[in-house]
1. For the chain, modelled as a GNM with alpha-carbon contacts under 10 angstrom, which of 84, 134, 116 fluctuates the most?
2. Take 89, 65, 28, 16 and order them by how many other Cβ atoms sit within 10 Å, fewest up front.
3. When the chain is treated as a GNM, springs tying every alpha-carbon pair under 10 Å, which of 49, 143, 111 comes out with the largest mean-square fluctuation?
4. State whether the range 95-234 is rounded, prolate or oblate according to the following rule on the C-alpha gyration tensor (a ≥ b ≥ c being the square roots of its eigenvalues): a/c under 1.5 gives rounded; otherwise a/b larger than b/c gives prolate, and the remaining case gives oblate.
5. Which angle from 0 to 90°, rounded to the nearest 10, does the C-alpha axis of helix 29-44 make with the longest principal axis of the chain?
6. Taking neighbour counts of Cβ atoms within 10 Å as a proxy for exposure, in what order, fewest first, do 223, 62, 21, 121 appear?
7. log10 I(q)/I(0), Debye, Cα-only the range 5-88, no solvent, q = 0.11, 0.19 Å⁻¹?
8. If you build a Gaussian network model of the chain, linking Cα atoms that sit under 10 Å apart, which residue out of 72, 37, 176 swings the most?
């Protein structure tokens, strides 16, 4: 899959209920693909005592029942399932479009991002919407996705003092990453826009609009379109 992969998985016990399984040491698409492939294998064929598996960038956490298994036995079972990983284990990825209204009250920091990178505000929007972003993992908050692929021309430092409240749907940039706040929360990312979509809704059959391995494609929309979609989402 990738030259960044370890020859063999590396294991580490974390507390009395978690076995960490590292497949590489860098943020790499091939490593992440292997993580997702092993995650699917474990979900389809769970070892004795496994309760849940949680994928990340380059590793996964296997949560287990300490009364049903031991780390050594679980490690052996995971190691067997990690042999010959390939893309056939992974569900086909999707590209999910995320409409975003950029600038003004929706993106109060877009001017700073432009100034910091010595470009104009329309350039920020054009660059940010130019290509899809791979979802490496989801965490921090329900529906918060960690995206790869932000163009270096948009890399911008975080706020020196985080905001106490960031609205749900806010799209931001922090260093070499971009992402969306799915719920209202504190945050220190530079806000450049906002989406009217509900990224997480526990009342839906599928609470999330996407999953790890999918891609997000940001699409610029007008204020009028934002209001129409927001009304539809909340109507």
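Here, each number is a calculation from the coordinates, and none is a lab measurement. What you are looking at is a predicted structure, and each value in this text was computed from that prediction instead of being measured. When we count neighbours, we look across all protein chains shown, and the Cβ atoms used for this are built from the backbone with ideal geometry, even at glycine.
1. Evaluated over the chain, the most mobile residue of the options is 84.
2. On the way: 89 17, 65 11, 28 20, 16 8.
Going from sparsest to densest Cβ surroundings: 16, 65, 89, 28.
3. 49
4. Numbers: a/c = 1.43, a/b = 1.33, b/c = 1.08.
Taking the square roots of the gyration eigenvalues as a ≥ b ≥ c, the range 95-234 is rounded.
5. That helix lies at roughly 60 degrees to the long axis.
6. Numbers: 223 12, 62 28, 21 25, 121 16.
Going from least to most buried by this count: 223, 121, 21, 62.
7. Cα-only, vacuum Debye calculation for the range 5-88: -0.24, -0.74.
8. 72
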